[in-house]
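Report on the following structure.
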Amino acid sequence: MFFAGLALAVAVVASGDEARLSLTSKPAHAKVFVNGYFKGFTPCTVSISSAQAAPQQYRLTLLLAGYQKWDKYLSLTAGATKTVNAQMEKLPDPLAGKTICIDPGHPSETSAGTKGPSGVTENHINWVIALKLKSALTARGANVVLTKSAENQKVTNRRRAQIANENNSDIMIRLHCDAAPNSGFTVYYPDRQGERYGVTGPAPTVINASRCAASLMYQGMKEMLTAHLAGRGIHGDSATYIGSRQGALTGSIFSQVPVLTIEMCVLTNASDEQFIVSLSGQQLMVQALQRGLETYFAEN
Ligand SMILES: [Zn+2]
């Protein structure tokens, strides 16, 4: 008997004092809780030793990332097995309908970018990851705007910000690779206003939104990259070389939307370089950036 995606049936009447719950869910691997206590992952059979001869109410909860919480009260009786097949209801993708400006760093008026020990250029890595991220985000229903149309196209940092603004982007993420003595990824955001070409920016609302985005982006990336790439923390633009002189990076000063600069790895570090040139490393980085973005958009 099926109703509203939920089938309840007393399948087997077994002897003994325990009640049993035979659980499946679509999709599988949902976390199972009975009266708030974690019992395992679907599919599974759960024994309820507190069950009585008279039917009693138990609260069954299933949790699965990306799906609505599934919650039902069931009556269970000692010695009986109840079968539950739960149809999980998908939550809307937090990335669907968002406009995301991806800015593959370099070449710009300031720099052509760094290089790895084996000779791979930052410009190339930024471009490759940007294209892969674009196709992944597009497949999830996001509108993606790129600030360049070819790998070696020179675009000024001011123009990059204007492209994000003109497209009413919900966020601008600037992809870079660092030159540094250590290893790992870093997220930068404008922590104060700066000045460039006589313009002061970004607006305080953009600074606040960027701070929030930096924290959630870093958290999401860290979840995916743990065990592969270290996190070097969240820092203000004012901690960068150009930011320390101008107050913020040029691309941040002209941005009217939340803006992050992501140093995806330290390209001058040989093991980081090996990670980011490998297909598996690139795939993981694209997943990490998506996780960061979805963590931000789930709350904003
Ligand atoms: Zn760079």
Select from the stretch 209-221 the residues that are touching a residue at least 40 places away in the same chain (Cβ under 8 Å) and surrounded by fewer than 18 Cβ atoms within 10 Å (Cβ to Cβ) and write down the one among them that is farthest from Ser255 (Cα to Cα).
-> Gln219
Return yes or no: is Gly141 within 13 Å of the ligand (Cβ to nearest atom) and not aliphatic (A, V, I, L, M)?
-> no
Count of residues meeting criterion [within 13 Å of the ligand (Cβ to nearest atom) and in contact with a strand residue (DSSP E or B) (Cβ under 6 Å, 6 or more places away or on another chain)] in the stretch 83-112 | 3
Scanning the stretch 256-281 for residues that are over 28 Å from Arg158 (Cα atoms) and surrounded by fewer than 19 Cβ atoms within 10 Å (Cβ to Cβ), which turns out farthest from the chain's Cα centre (by Cα)?
-> Ala270
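Let's see how each residue does on (1) outside any helix (DSSP H, G or I); (2) among the charged types (D, E, K, R); (3) under 23 Å from Leu267 (Cβ atoms); (4) modelled with pLDDT of 95 or more:
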| residue | (1), (2), (3), (4) |
| --- | --- |
| Thr205 | no, no, no, yes |
| Asn208 | no, no, no, yes |
| Cys212 | no, no, no, yes |
| Tyr218 | no, no, yes, yes |
| Ala227 | yes, no, yes, no |
If Ile253 passes every condition in (1) touching a helix residue (DSSP H, G or I) at 6+ places or on another chain (Cβ under 6 Å); (2) surrounded by 19 or more Cβ atoms within 10 Å (Cβ to Cβ) but one, which one does it miss?
-> (1)
Residue hits (the stretch 99-122; out of contact with any helix residue (DSSP H, G or I) (no Cβ under 8 Å at 6 or more places or on another chain) and in contact (Cβ under 8 Å) with a residue 40 or more places away in the chain) are Thr99, Glu122
For Ile125, work out the one condition from (1) touching a helix residue (DSSP H, G or I) at 6+ places or on another chain (Cβ under 6 Å); (2) closer than 24 Å to Ile253 by Cβ; (3) within 16 Å of the ligand (Cβ to nearest atom) it doesn't fulfil.
-> (2)
So Glu195 clears everything in (1) in a helix (DSSP H, G or I); (2) of a type outside the set (S, T, N, Q); (3) touching a residue at least 40 places away in the same chain (Cβ under 8 Å) except one condition, right? Which one?
-> (1)
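The values are calculated or read from the model by the stated rules, or taken from the named source; none is laboratory data. This is a predicted model, so every value here is computed, not measured. Note that we place each Cβ from the backbone using ideal geometry, even for glycine, and neighbour counts take in every protein chain shown.
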